[in-house]
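Take a look at the structure below.
The values are calculated or read from the model by the stated rules, or taken from the named source; none is laboratory data. Just so it is clear, the structure is predicted and the values come from calculations on it, not from any experiment. As a convention, Cβ positions derive from the backbone with ideal geometry for all residues, glycine included, and neighbour counts pool all protein chains shown. These area figures cover heavy atoms from the full protein model, side chains too; ligands, DNA and RNA do not enter into them. Shrake-Rupley method; radii C 1.70, N 1.55, O 1.52, S 1.80 Å.
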Amino acid sequence: MSAVPLRNNKSVASAVRSVTVLGATGSIGDSTMDLLRASRDRYQVEALTANTNVQGLAKLAKEFGARFAAVADPSRLNELKDALAGTRIECGAGESAIIEAAARPADWVMAAVSGAAGLKPALAAVDRGASVALANKECLVCAGDFFMQRAAKAGACILPADSEHNALFQALGSGNREELVRVIITASGGPFRTWASADIEQATLAQALKHPNWSMGQKITIDSASMMNKGLEVIEASYLFALAPEEIDVLVHPQSIIHGMVEFSDRSVVAQLGSPDMRTPIAHCLGWPDRIVGPAAKLDLAKIGQLTFEAPDFERFPGLRLAYDALRTGRGATTVYNAANEVAVAAFIAGKIRFGAIARLVEATMDAWIRSGNLAPLTSADDAISVDHNARNKAVTLLPQIALKAS
Ligand code: NDP
């Protein structure tokens, strides 16, 4: 049985729901807290977490009367205790405290820690059968089949929060698996959509951070510019909905109004549209199986006038091609893809490599991994974390030679 509920079993939710937000101080966390703020009487906040932003975390915990607040950086426990002094909010620090936050009995958990660090906390929520709104795509990219199997076994309900997957989630309800032909994930094309390869190669950090439509965290914004983000989303869609790589197409759609489409056997294509605002897919996950009031701007198609589409360019954006390669290779290759990309993006932010070298480092790390005969199915979180760790080390070793190599 799939952990993603594909048919909408309508219910009228009335009771107060307990919720936990992992990564509450981030961009997705912020949007989630905004939605909770708008319906304070419907939600009780169980736990909130952050990495280092103690003051932001404490402020939110006090505002929402959270029961527990956790910061990942163990050296900040005293700072957190001081910030929560005089309240009855329990607190903790370190990875175990983030996992404890996820394991506490909330009905609904937003998994919005960034990076592979989000895997173990998300699994802690999944293992107790919670409804988990999954924003952290690395959980699936790193642990794929294993993550979804654990969710199905525990009876957890995975609600896709990433806008494209949420769109597919909504559209998939129009037919069944046998009737499905393919899914189409749209991509804005990012700030370098029309740029020549030579210019993309030299793009600066400031240019990479200028996303045309979405306001997001730094890492995902850079991934959007390289289209690595779309690659991660292709992998995410494959695991979430049990789709073969051939069943997933990417379509560049610069206006970011259609977020995803599903084609069925009768050639009907069902799409989900909306203003580019993450609060819409998050609201869908928060309200599921009902719909709640969302704060995004009303979609005015007459004002927008034109929706345009282009085929993706796998030459100028090799990161997208590499995602399909990783998916076809399987056996930990998608974990390597993600780990190498995280190392590459950090190196780009630190000014150690050019923008164009991000995909080259990912490709070199994947090649080295495959050549070394390290491919094997991942059967546990520790397996995934170990591959992630080793692939990062490999990428770091390859970094100097990639940095020197021109395209
Ligand atoms: P941000 O960088 O804005 O926020 C990340 C959050 O995770 C922060 O609360 C941060 O805490 C916390 N965090 C970071 N590292 C750790 C760690 N090692 N342990 C525990 N907590 C940690 O990221 P986004 O909100 O943009 O993205 C979150 C996830 O959602 C990512 O996986 C991203 O790919 C995905 N996503 C994001 C979208 C977006 O629009 N932003 C869209 C779709 C998916 P602190 O503030 O203290 O650093």
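Structure values in brief
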read-out	value
Span-like helix ranges in the chain, DSSP H, alpha carbon extent 30 angstrom or more, Kyte mean at least -0.5	381-404
Within the stretch 182-278, trypsin sites (Lys or Arg not before Pro) in DSSP loop having at most 16 other beta-carbon neighbours inside 10 Å	210, 267
Spatial separation of Cα centroids for the stretch 92-160 and the stretch 345-373, in angstrom	28
Estimated 222 nm signal from helices in the chain, with DSSP H stretches of n ≥ 4 weighted -39500 (n - 2.57), rounded to 500	-14000 deg cm²/dmol
Amide H within-cut-off set for residue 44, under 5 Å, with H built and near neighbours excluded	17, 18, 19
List 148, 216, ordered by accessible area with a 1.4 Å probe, largest first	216, 148
Whole-angstrom gap from the stretch 165-243 to the stretch 260-319, using each part's C-alpha centre	12
Nearest-10 value in Å² for the accessible area of residue 369, using the 1.4 Å probe	20
Residue pairs, from the table 120/219; 81/120; 210/303; 137/394; 62/153, whose Cα atoms sit over 31 Å apart	62/153
Gyration tensor verdict on the stretch 235-275 (Cα atoms; rounded if a/c is under 1.5, prolate if a/b is larger than b/c, oblate otherwise)	oblate
The chain, accessible surface, carbon-and-sulfur percent (1.4 angstrom probe)	51
Cα-based shape type of the stretch 32-83, given that a ≥ b ≥ c are square roots of the gyration tensor eigenvalues and the cut on a/c is 1.5	prolate
Exposure ranking of 262, 387 by accessible area [1.4 Å probe, largest first]	387, 262
Global form of the stretch 54-137, assessed from the alpha-carbon gyration tensor, a/c cut-off 1.5	prolate
Accessible-area value, residue 110, 1.4 Å probe, nucleic acids and ligands omitted, Å²	0
